[in-house]
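Have a look at the structure below before the remarks.
The values are calculated or read from the model by the stated rules, or taken from the named source; none is laboratory data. All of these numbers come straight from a predicted model, not from anything done at the bench. Positions of Cβ are backbone-derived with ideal geometry, glycine not excepted, and every protein chain shown enters the neighbour counts.
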């Protein structure tokens, strides 16, 4: 076995030769989705090409001379032509790209998606103001996903681990391919009408951007936005946010994470309740102790120990005050009686009849009181009122 011991340099050289001399690994086409696109000033382009399960590093040296597009971006679906390369110093395996061709279909879809995003953002569909809070302790959840996918399996298993008594309503729907968008919309609308459901999860496991595209459809995103119940977009796609992620109330990176967000762990709840129980018991105990000390203080107080004496003293004070009030009221009435007598006497003295009784009389002509002789002439008939009667006279002389 001694002849099979290599240095790292020797080993990397062998690997490089095997890879680069294998004709099946030279001049081939490779199709996938772009990720981590970086254009460098040096004139080189680096990116990762991926599908639903795997990824490979790629490099396009002097990309401008190879007429490689200069507007490649995250999520673009492309077909590349190149060879396998192996960088000995770092032991890196990569595809050396000669040419890149955009997938026109997905490019058009991305263009339309950007237009829809701008429209939705202008209408406020992404605003936090429209995001509904998830219930703290949901009892029934609705799930829109494929019956055959790993997403449903993950959701059920994760839910049972965290909270066994949560009921799960499943609406089976296609989540990729023709007709999938309509089925997802129908599933959300159907579960939204079930009164007992507390929240809805709609999504699927990972895949290429083409596989996930149903969740970028405008009608699907609107179904998420218009859902009256809190809804989580749970699509296994770490690279970028899908349109449904932006219009949903909450975005989860995977179906499993959606349950971790929505369903609390029963053990954690039990611990929280136990801690609150201890806290409340402590509060009650402290309150009882505080009230007991108050009672002891009152029992030892002067008022309780000398209650009869204190009551008697207050009674004496009250009786004394009653006498003072009676005396003051009596003086007040006497004063008012005196004032009334004086006023009555004054009124009597001002009465004209009282004046007549003292020897005065009132003379009238045609019912008008005479004050001077200038209003009389010979022959006028006058009336004189005396204390005990009236005298009628004819004027014969005026002096």
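If you take just the strands (runs of 3 or more DSSP E) that sit entirely in segment 60-162, which of them hold at least 2 residues that are under 30 Å from residue 47 (Cβ atoms)?
Working: elements: 77-87, 92-102, 140-145.
Correct list: 77-87, 92-102.
Looking only at segment 133-142, count how many residues are surrounded by 14 or more Cβ atoms within 10 Å (Cβ to Cβ) and more than 13 Å from the chain's Cα centre (by Cα). Here the count works out to 4.
Give the residue, chosen from 236, 203, 207, that is in contact (Cβ under 8 Å) with a residue 12 or more places away in the chain and buried (at least 24 other Cβ atoms within 10 Å of the Cβ).
Within the list 236, 203, 207, the selection yields 203.
Within segment 241-253, the residues that satisfy the criterion of being at pLDDT 85 or above and surrounded by fewer than 22 Cβ atoms within 10 Å (Cβ to Cβ) are 246, 249, 250, 251, 252, 253.
Selection over segment 105-118 of residues that are buried (at least 16 other Cβ atoms within 10 Å of the Cβ) and either under 26 Å from the mean Cα position of the chain (by Cα) or without any contact (Cβ under 8 Å) to a residue 24 or more places away in the chain (or both) gives a count of 1.
Looking across 231, 168, 263, one residue alone is farther than 30 Å from residue 74 by Cβ and buried (at least 17 other Cβ atoms within 10 Å of the Cβ). It is 263. Within segment 26-47, the residues that satisfy the criterion of being surrounded by 16 or more Cβ atoms within 10 Å (Cβ to Cβ) and either in contact with a helix residue (DSSP H, G or I) (Cβ under 7 Å, 6 or more places away or on another chain) or in a loop (DSSP other than H, G, I, E, B) (or both) are 33, 45.
Every listed requirement among (1) part of a helix (DSSP H, G or I); (2) in contact with a helix residue (DSSP H, G or I) (Cβ under 7 Å, 6 or more places away or on another chain) is met by residue 11 save one, (2). State all residues of segment 273-307 that are loosely packed, with under 10 Cβ neighbours inside 10 Å and modelled with pLDDT under 70; if no residue qualifies, say none. The answer is 299, 302. Quick check: anything in segment 84-104 crowded, with 16+ Cβ neighbours inside 10 Å, in contact with a helix residue (DSSP H, G or I) (Cβ under 9 Å, 6 or more places away or on another chain) and under 22 Å from residue 220 (Cα atoms)? No: zero hits.
In segment 197-230, the residue that is farthest from residue 149 (Cα to Cα) out of those that are more than 22 Å from the chain's Cα centre (by Cα) and in a loop (DSSP other than H, G, I, E, B) is 217.
Residues in segment 188-219 that are within 20 Å of residue 261 (Cβ to Cβ) and either at pLDDT 95 or above or assigned by TED's automatic domain parsing to the domain that holds residue 31 (or both): 188, 191, 192, 197, 198, 199, 200, 201, 202.
For (1) in contact (Cβ under 8 Å) with a residue 40 or more places away in the chain; (2) surrounded by fewer than 17 Cβ atoms within 10 Å (Cβ to Cβ); (3) over 17 Å from residue 234 (Cα atoms), each residue gets a yes or a no:
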site	(1), (2), (3)
120	yes, no, yes
131	yes, yes, no
191	yes, no, no
199	yes, no, no
211	yes, no, no
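Would you say residue 10 is modelled with pLDDT under 90, in contact with a strand residue (DSSP E or B) (Cβ under 8 Å, 6 or more places away or on another chain) and loosely packed, with under 13 Cβ neighbours inside 10 Å? No.
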